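Take a look at the structure set out below.
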Amino acid sequence: MKTTSNDPACFPFENSYASLPERFYVRVHPTPVPNPALIRINRGLAEHLGLDPDYLASPGGVEIISGNRVPPGAEPLAMAYAGQQFGRLVPRLGDGRALLLGEVIDACGRRRDIQLKGSGRTPFSRSGDGRAWIGPVLREYLVSEAMAALNIPTTRALAAISTGELILRDRGLPGAIIARVAASHIRVGTFQYFALRKDVQALKILADHVIDRHFPDAREATNPYLCLLEYVVAKQAALIAKWMAVGFIHGVMNTDNVLVSGETIDYGPCAFMDGYDPAAVYSSIDLRGRYAYQNQPSIARWNLASFATTLLPLLDSDIDRAVEAAESVVNAFGRQFNLAWSAEFRAKMGLAEEKDGDAELAQDLLERMAANHADFTLTFRRLGNLSGTEDGTHPKADSAVAGLFDDAASIREWLGKWRARLASEKQGDLARQSAMRATNPAYIPRNHRIEQVISAALAGDFGPFGKLADILSKPFDEQPENAGYQLPPGPEEVVHTTFCGT
Ligand code: AMP
Ligand code: MG
């Protein structure tokens, strides 16, 4: 339904998911909270969505984000989905602590979901309380917005509020709600939900909805559903390559946490690594390292195979032909990922042209980084300050990179190979350095900073959270006054595990 009004409480909703069959969701209202207060509003995003940021930050707006008031035109619902969690199939998950309020059309004409997370129990809550405490809410706000500023497809954070309610975890913790924005909240697990019920009619309705919403070009293809699969595979290949290029570890790549739109979702046990370690895992529940940094491409492929399986009845009436077609699309993931990965790392090394051996040069650097405990982000950032010739004009810049490695000789040897490669580039030093500074961030949401922010918030001080959010909104700017935030943790500050967002 479409609503238009000058009343700022009247969001310009244009809901499409709520018009799908009733078995796609459960209509449920948010549970009121005692004492909502604004933590932060994302003014730029609000404006982009056609919402009034001043109103959203006012008591009336906070009433809406807290779920205490359902605005006109909203049709709150909990979406049904299934999922493979650590490989184990769970036929019914669904929004247990989130509600889709409705959809709006943004300034670029794109449909966007507005969802409240932490808004109370739903029929999908199982034994959960439907709530969130401020820790996971602040983490999601910071990391999802940092990802957006790094130009990585992601859900966004529109606002965070505290609820004035104590949430029972291992102790009582202050409650919070985040308003999340996404191209849609349709997951691989949404398709699995219907596939498991052998509800082919629902699968077709869902696939058509996704095509209309995200991949309208697929409609023109001879086999629109095969084309849909191709698009989803391509989006994941590009996305995971981007994660790898910033040292991001998602931490819980279950199929219910994979959006078919290709945006990153679910910032529970995620982390950006400090020192480069391909086996890095931060999630406290990922005991076997299933979702370690280096496993992310193969897990993505595994998740895509699950997605393809759900589409089989739509691909061809002959099951063998359907399987063959699906396999060939999923098998293309590896090649697509490798191409995307090479392009990401070529840019990170400042190479504008494509040459044989570039991927090996990047791999060689990564191996030296791993062996020498070099900080992932700082290595690439500082590489961008180096001159392309070893003429001794920038000995300090070279030392700043070498100082990140246990054995400086190892990286100096690599720098020789890199400079030999740079010699064949047409692009000059200045152009390369500025391109590298626009590619390799200075600021990432480092774990120890997030933990410091959460500790301060627990003591009632949201100042550090606001400051970190501001810094992370300009990750490629030098920001000399905030230089300390570029640095990895000191020995006592290292965070070894992050927890699920519950
Ligand atoms: P997640 O770990 O966020 O991917 O969530 C996995 C499933 O558990 C989803 O169905 C969530 O809705 C549900 N869930 C997580 N936390 C809670 C909670 N506090 N209350 C109710 N359901 C929850
Ligand atoms: Mg999830």
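The values are calculated or read from the model by the stated rules, or taken from the named source; none is laboratory data. Here the structure is a predicted model, which is why all the values come from computation and not from measurement. Heads up, the Cβs are rebuilt from the backbone with ideal geometry, glycines too, and the neighbour counts pull from every protein chain shown. Areas reflect the complete protein model, heavy atoms only, side chains present, ligands, DNA and RNA absent. Shrake-Rupley method; radii C 1.70, N 1.55, O 1.52, S 1.80 Å.
Okay, helix-only estimate at 222 nm for the chain: each DSSP H run of n ≥ 4 adds -39500 (n - 2.57), divide by all residues, round to 500 deg cm²/dmol; what do you get?
So the helix-based figure for the chain works out to -13000 deg cm²/dmol.
To the nearest 20 Debye, how big is the dipole of the chain about its Cα centre, given +1 on the beta carbon of each Lys and Arg and -1 on that of each Asp and Glu?
Taking the Cα centre of the chain as origin, the dipole is about 900 debye.
What number, in nm² with one decimal, is the all-direction average of the projected area of the convex hull of the alpha-carbon atoms of region 360-474?
Computed as one quarter of the Cα hull surface, the answer is 8.4 nm².
Could you compute how much accessible surface Ser328 exposes when probed at 1.4 Å, giving the result in Å² to the nearest 10?
70 Å²
Quick one: helix 296-315 against the long Cα principal axis of the chain, what's the angle to the nearest 10°, folded into 0 to 90?
Result, in degrees: 40.
Need one number: nm distance between label points at Ser317 and Ser16, each 7 Å from Cα along Cα→Cβ, rounded to one decimal.
The answer from the label model is 2.9 nm.
Classify the chain from the C-alpha gyration tensor, please: rounded if a/c falls under 1.5, else prolate or oblate depending on whether a/b exceeds b/c.
oblate
Cα axis of helix 224-246 to longest principal axis of the chain: angle in degrees, 0 to 90, nearest 10?
Long axis of 224-246 versus the principal axis of the chain: about 50 degrees.
Once you order the gyration tensor axes a ≥ b ≥ c over the Cα atoms, which shape class does region 17-182 get: rounded for a/c under 1.5, otherwise prolate or oblate by comparing a/b with b/c?
Rounded, because the longest to shortest axis ratio a/c is under 1.5.
List the lysines whose Cα sits under 29 Å from the Cα of Lys417, skipping any in the same chain fewer than 8 residues away.
Cα-Cα hits under 29 Å: Lys242, Lys348, Lys355, Lys396, Lys426.
In whole percent, and with a 1.4 Å probe on the protein chains, what portion of the accessible area of the chain is carbon and sulfur?
On the chain, the fraction of accessible area on carbon and sulfur atoms equals 53 percent.
Using a/c under 1.5 as the rounded threshold, could you call region 258-347 rounded, prolate or oblate? The axes a ≥ b ≥ c are square roots of the C-alpha gyration tensor eigenvalues, and prolate needs a/b larger than b/c, oblate otherwise.
prolate
Report, in debye and to the nearest 20, how large the dipole of region 1-86 comes out about its Cα centre when Lys and Arg carry +1 and Asp and Glu carry -1 on their Cβ.
Here region 1-86 has a charge dipole of around 240 debye.
Excluding ligands, DNA and RNA, what is the solvent-accessible area per residue of region 188-341 at a probe of 1.4 Å, expressed in Å²?
The answer is 37 Å² per residue.
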